[in-house]
Each structure stands twice: as C-alpha cells, then as structure tokens.
C-alpha cells in the first residue's frame, strides 16, 4: 500500500496541472471502488476549481471551490496518470477520469479497486471518519521527540507495531517503519514504552530523514506505485533492511525477518538492540 512518500509524490505531481484549474469534465466508469462513490459524485465535481491540494497521512485532500473537498485514498494499486485530453480510450482498470479546463486528463487507475474517493465539506474535513483519529504528521514542525514520547508512554506493544498505528504517527507504513528503526538502532520487537529519551529522539530524527529522502526519490516502487508523470520511484534502491532478508547488513551480520501483526519486519540483530 502506498505510504506517505508515495502519496506526497502523487500530490506534488498533480499540483502543476490541478491547482487553480477547473474540472471541465469528470467521468466515473464504475459505481464503486472499495466503497460506492457518493451520489452525484461526478456531477458535484464538474465545474469546480481546485483551490489547494493537500495530503493528510496517506490521503490526498483536494480543496475545491464552493467549500467542497475531495478525499482520495490510492488503496493497494491505485495511481493517477497525467495525459492530454485526446489520449486514447480508457482501459479496463481506469475508473475515474478528470479533465481540466486546460485539456489535461488525469486518470485514476486501480486494478485491485482497494482505493476510495469521498466528498466532504471543507470545514468538516477534520471530523471526517477517515481523518478524525489520525495522529501527528511526521514531517510537520510540531512532530518532535516529546510528541512521540507521549504517544509511546506506557505502551507494551512492540515499537514496530506502535509505529504502524496511525494514531501514533500518521502516514508511516511498513517500509518506512522498518527503515526508521534500523537507522535509529532500535530492535523492532522492543516494547514501545521502554525506549529511552535518547532513543526516541533518534527515532524521531530517523523518521523525518527517511520520509524526506523517500519523497526526494519519488517514493518506493515495489509493484504498483507510479508517479503521475509515469515515472517510477527509486527509493527501493536505498533500502538498508526492508525486503533484504538473508542479505548482508553493512555491519557484516545478516538481515533477518520476523512477522509482527501479520506484517513482515526486516531488521539487523547486530545494529538494532
């Protein structure tokens, strides 16, 4: 599933063609994705101008004229592709097409149909069920070691599982949790509440650094992620531990894999204590 860097990469790719532009035509080619589209979805969007394009955790938030917002989750395999309006016919996995007043077509493609789109009043976004319980944005200035320490205090669950809890840190997923724990030298099975202040400070810095570097690399492409210009991300070439089971760590030990809450965790037993 796309994590924060992949969604941020999509947001940055859409900015030049969406922000300040009007949706001249919106077409849905099926009634639902993970959930049904809101009633009158395409008609509600058509004619509205994109006033801003934001991201919250793993969600794209499209602020529109008239006090309306479009919420987009890419799901497991969804991506947005930019092309001229007169590009050929849509494919069988192309589910929503947005055409701007400049004749630019953005197609939402989702082979597995785990994505979703919803509409909400701009003033109601913070209370929307998808967004209301989310934790702090890890790249915001307000996210620091003190905030993370408060979120981890007294928790007996493993630190890896705690980081995947979107109430702890918004947008962090399996890949970047593994990489952040490696950089901060923290074993993924340690109890979240057992981390010292120096370790929490190191983890906070590692999370920010890993996410920033991943965004600069266009995200991670293991299977489905694609930037709106059709290019692939390349942060997967920078992995220290993720998906490297059995390979050598920089210290000479071997990268291991364990399963935590149904997810694969990769780590180095020598570097991470």
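Below are the figures for this structure:
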item	result
Gyration tensor verdict on region 4-127 (Cα atoms; rounded if a/c is under 1.5, prolate if a/b is larger than b/c, oblate otherwise)	rounded
Correct option for Rg/Rh (Cα atoms, Kirkwood Rh) [calculated from the coordinates] among (1) 1.10; (2) 1.01; (3) 0.94	(2)
Relative contact order computed over region 4-127 (Cα-Cα under 8 Å; 6+ residues apart), in percent	30
Degrees, to the nearest 10: 174-183 long Cα axis against longest axis of the chain	40
Per-residue [θ]222 nm for the chain (sum of -39500 (n - 2.57) over DSSP H runs n ≥ 4, rounded to 500)	-7000 deg cm²/dmol
By average C-beta atoms within 10 angstrom, highest first, the peptides 25-32, 60-67	60-67, 25-32
Anisotropy class of region 37-80 from Cα gyration tensor, a/c 1.5 cut	oblate
Helix axis angle, 4-18 relative to the chain longest principal axis, alpha carbon, degrees	30
Cβ crowding within 10 Å averaged over residues, with 8-14, 127-133 ranked highest first	8-14, 127-133
Relative contact order of the chain, defined on C-alpha pairs under 8 angstrom at six or more residues apart (%)	19
Semi-axis lengths, Å, region 145-267, gyration tensor of Cα atoms, sqrt of 5 times eigenvalues	24, 17, 13
Global geometry of region 93-170, whether rounded, prolate or oblate, following the gyration tensor of its Cα atoms and the 1.5 cut on a/c	prolate
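Here, each number is a calculation from the coordinates, and none is a lab measurement. Quantities reported herein were computed from a predicted structural model and do not represent experimental measurements. Here the Cβ is made from the backbone with ideal geometry for all residues, glycine too, and neighbour counts use every protein chain on show.
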